[in-house]
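Enquirer: This structure is in structure tokens; I'll ask about it shortly.
The values are calculated or read from the model by the stated rules, or taken from the named source; none is laboratory data. Note that the structure is predicted; figures quoted are calculated from it, not measured. Here the Cβ positions follow ideal geometry from the backbone for every residue, glycine too, while neighbour counts run over all protein chains shown.
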DNA sequence: GTCTATAGTCTGATAGAC
DNA sequence: GTCTATCAGACTATAGAC
């Protein structure tokens, strides 16, 4: 959101190391469950040194949320008004699922934040997120009204894509316990493609 | 899972009060974020009195998880082999969504547990949950092979139902922020019905 | 059965030497 | 910039009076 202050090379590097360690620990244990001790250990730095680079535990968390949201919303931003509607939405689904596969820790960090009532992310949800979703929902609504895709509820279609793709990151433990299988993602992609093809099929 | 020991009326009542308070606090703040002080305050009891009824904070959490899982899996258990396949699955979807609406705290408590890697629920996932899902997935597979519903991946169909319905409880804050709307559930039910009708439509 | 008081531990953050 | 040492507060759990 705001630009970071200018940094030396070593500062930039240590900030990055701390954020990586913070991502690891916050994602696995939630904000409250994460301790500075553990983040410091994971980063290979001392606890006071952490607090030399970030003023507080919360500052690390906020920095992570900010850096995360750009990555997270990129696939939705990429939804192209000029593209072929079904291809665009299916590509969005696949990109979002790929995010869950490649970045499960980011997904869980975000899920933790929302689950706790979004104490730190609320303003971003109310403004940037709502604005982006409204814009893309309007686009999907136009596609639907033009009969290029089946009748859909645009907002809830987007929620469905979020829910279905993030499930494979956030509930990974449960999915693997039930399947007893190493990598659920190949079948997940085939199934999600099948689902959204069915619901997006144009009328007639 | 195990039977509770015999209790006087006042013991049963206080245990219930503590579990209700624990549900409230654990769901909102996660295991680590919940404190005995807060649970005690919410229950209207003193902190040592809490620990008279339960030996530890963890014991309260485990008791909640156990009591929760029966409720949680009831809709899936109710899937009837003798029923009309599409009606059965659609009814399951609606019941599960109704669970999210009526019991969001239970949903969030469970989501927290899974997100943290299911440290306390893992054995139940590996055994009871896997067994139940495998059994119901086999039923759905038979329906699909008989051509009574469209071709589906039974396990991932069940994951989809979980993901889509729990999203409205667990990500409630985000859903409401984006919609700026009081009650998303009416539209959610219409949309989920539409989605699953599309994907379950028999071939030809 | 319920309370007050408190033991013992952990945690976020700071002080100050180098 | 990084460290050791340490503080103040919060936390789970226990002891013991009533």
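Enquirer: Out of all the residues in the stretch A:138-156, which are buried (at least 19 other Cβ atoms within 10 Å of the Cβ) and either at pLDDT below 95 or more than 16 Å from residue A:86 (Cβ to Cβ) (or both)?
Expert: Selection gives A:153, A:155, A:156.
Enquirer: Among the listed residues A:183, A:170, which satisfies the condition of being in the same structural domain as residue A:85 (by TED's automatic domain parsing) and surrounded by fewer than 22 Cβ atoms within 10 Å (Cβ to Cβ)?
Expert: None of the others qualify; the one that does is A:183.
Enquirer: Which pairs do you get when a residue that is closer than 11 Å to residue B:36 by Cβ and within 14 Å of chain A (Cβ to nearest Cβ), found in the stretch B:50-65, comes within reach of a residue that is assigned to a helix (DSSP H, G or I) and near DNA strand D (Cβ under 8 Å from one of its atoms), reach meaning Cβ atoms under 6 angstrom, with the pair 6+ apart or on two chains?
Expert: That search, which allows pairs on different chains as well, returns B:57/B:36.
Enquirer: Within the stretch A:186-204, work out how many residues are more than 8 Å from chain B (Cβ to nearest Cβ), surrounded by fewer than 16 Cβ atoms within 10 Å (Cβ to Cβ) and more than 20 Å from residue B:191 (Cα to Cα).
Expert: 1
Enquirer: Report whether or not residue A:44 is under 28 Å from residue B:116 (Cβ atoms), modelled with pLDDT of 95 or more and within 16 Å of DNA strand C (Cβ to nearest atom).
Expert: no
Enquirer: Of the residues that make up the stretch B:109-119, is at least one without any contact (Cβ under 8 Å) to a residue 12 or more places away in the chain, surrounded by fewer than 16 Cβ atoms within 10 Å (Cβ to Cβ) and in a helix (DSSP H, G or I)?
Expert: Checking the stretch B:109-119: not a single residue is without any contact (Cβ under 8 Å) to a residue 12 or more places away in the chain, surrounded by fewer than 16 Cβ atoms within 10 Å (Cβ to Cβ) and in a helix (DSSP H, G or I).
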